[in-house]
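Novice: Take a look at the following structure, please.
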Ligand SMILES: [Ca+2]
Ligand SMILES: [Ca+2]
Ligand SMILES: [Zn+2]
Ligand SMILES: [Zn+2]
């Protein structure tokens, strides 16, 4: 399937929102990984020339390892938790955005919910479960975004001791 | 490796604690799945005849889908979150107990933390990521526990609409 202009628009906006989450975490002294869960806006189909966002943010979050001393609130888990309990069919129309390649737990969470598309800011600073996602039929898009890479690289340089526990590697 | 008597003792106790968590959740109207993270007690090696538990509970929890309207606090995630931020080597000596076969998210969480042993109460009411765990070198023990099976079966019969969302199947 060809990426439509509206997909491109949504993906640019979705990743920008995930990066904003990552920057919020960085500003708090935390691990700068952010994530959002989006669905296309239903109004989009009705009137593609309508102003305003063509998608709806279901949930957003960032890594909370430092801030909440949390072992499980990775960015993607935080976004899914923020989205709350959704019907199965909502997940099946959603895209999960994350600034960094997802670890095995977050990969498994995407599979659990049957999320069909995962857009990843970068996989230079960490490579997670992309192959497993693809093997399970998930569409994986790696943007190789310069801002995502630069933010994570800066954090790793500044706080190598915390970075070691980003994904417990 | 042969299962030692102390492993058998720990596993019986660990699963009993997980089942107690599941029963707590059931009593609250929630999904009756429980989990605990255990390590052998260091005093055990020093004096195997010492009274008291031969293991230490690092974390315990149960599914919070109903109670907290949580999309991500499965029993295993709740137990890992309760255990807090641990050093990588602590996970590598730990066993994760869960009353029901773990979903893909919780499977991924066990892999993320490098937990080498997962003890599962039953896999009759749901089969999760056991094959993936084994493929990654995790020792998986399915107890086929009558009490775990009966509790989950009772819940599914009483609340089929909630049970459908146990693992979003
Ligand atoms: Ca929200
Ligand atoms: Ca605790
Ligand atoms: Zn993760
Ligand atoms: Zn689970």
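Novice: Would you be able to say whether some residue in the stretch A:111-118 is away from ligand 2 (no atom under 16 Å from the Cβ) and within 23 Å of residue B:114 (Cβ to Cβ)? Give the steps one after another, and end with the answer.
Specialist: Pass one, the stretch A:111-118, residues away from ligand 2 (no atom under 16 Å from the Cβ): A:111-118.
Narrowing the set further to residues that are within 23 Å of residue B:114 (Cβ to Cβ) leaves A:111-112.
The answer is yes; a qualifying residue exists.
Novice: For the stretch B:61-86, enumerate the residues that are more than 16 Å from ligand 3 (Cβ to nearest atom), closer than 27 Å to residue A:162 by Cβ and crowded, with 21+ Cβ neighbours inside 10 Å.
Specialist: Matches in the stretch B:61-86: B:61, B:78, B:79, B:83.
Novice: Further question: Determine if the stretch B:138-152 includes at least one residue that is within 14 Å of chain A (Cβ to nearest Cβ) and either within 16 Å of ligand 4 (Cβ to nearest atom) or in contact with a strand residue (DSSP E or B) (Cβ under 9 Å, 6 or more places away or on another chain) (or both).
Specialist: Keep residues of the stretch B:138-152 that are within 14 Å of chain A (Cβ to nearest Cβ), which gives B:138.
Filter once more, so that each one left must be either within 16 Å of ligand 4 (Cβ to nearest atom) or in contact with a strand residue (DSSP E or B) (Cβ under 9 Å, 6 or more places away or on another chain) (or both): B:138.
Yes, the stretch B:138-152 contains at least one residue that is within 14 Å of chain A (Cβ to nearest Cβ) and either within 16 Å of ligand 4 (Cβ to nearest atom) or in contact with a strand residue (DSSP E or B) (Cβ under 9 Å, 6 or more places away or on another chain) (or both).
Novice: Give the residue that is farthest from the other protein chains (Cβ to nearest Cβ), with candidates limited to residues of the stretch B:64-87 that are more than 16 Å from residue A:71 (Cα to Cα) and touching a residue at least 40 places away in the same chain (Cβ under 8 Å).
Specialist: B:67
Novice: Among the listed residues A:92, A:117, which satisfies the condition of being away from ligand 3 (no atom under 13 Å from the Cβ), surrounded by fewer than 24 Cβ atoms within 10 Å (Cβ to Cβ) and over 13 Å from the mean Cα position of the chain (by Cα)?
Specialist: Details: A:117 fails: over 13 Å from the mean Cα position of the chain (by Cα).
Of the residues listed, the single one that is away from ligand 3 (no atom under 13 Å from the Cβ), surrounded by fewer than 24 Cβ atoms within 10 Å (Cβ to Cβ) and over 13 Å from the mean Cα position of the chain (by Cα) is A:92.
Novice: Here are some conditions: (1) in contact (Cβ under 8 Å) with a residue 60 or more places away in the chain; (2) surrounded by fewer than 22 Cβ atoms within 10 Å (Cβ to Cβ); (3) away from ligand 3 (no atom under 16 Å from the Cβ); (4) in a helix (DSSP H, G or I). Residue A:151 meets all but one. Which one does it not meet?
Specialist: Going through (1) in contact (Cβ under 8 Å) with a residue 60 or more places away in the chain; (2) surrounded by fewer than 22 Cβ atoms within 10 Å (Cβ to Cβ); (3) away from ligand 3 (no atom under 16 Å from the Cβ); (4) in a helix (DSSP H, G or I) one by one, residue A:151 breaks only (2).
All of the numbers you see were taken from the coordinates with simple rules; none came from a lab. Quick caveat, the model's predicted, so the values are computed rather than measured. Counting neighbours? That spans all protein chains shown, and the Cβs are built from the backbone with ideal geometry, glycine included.
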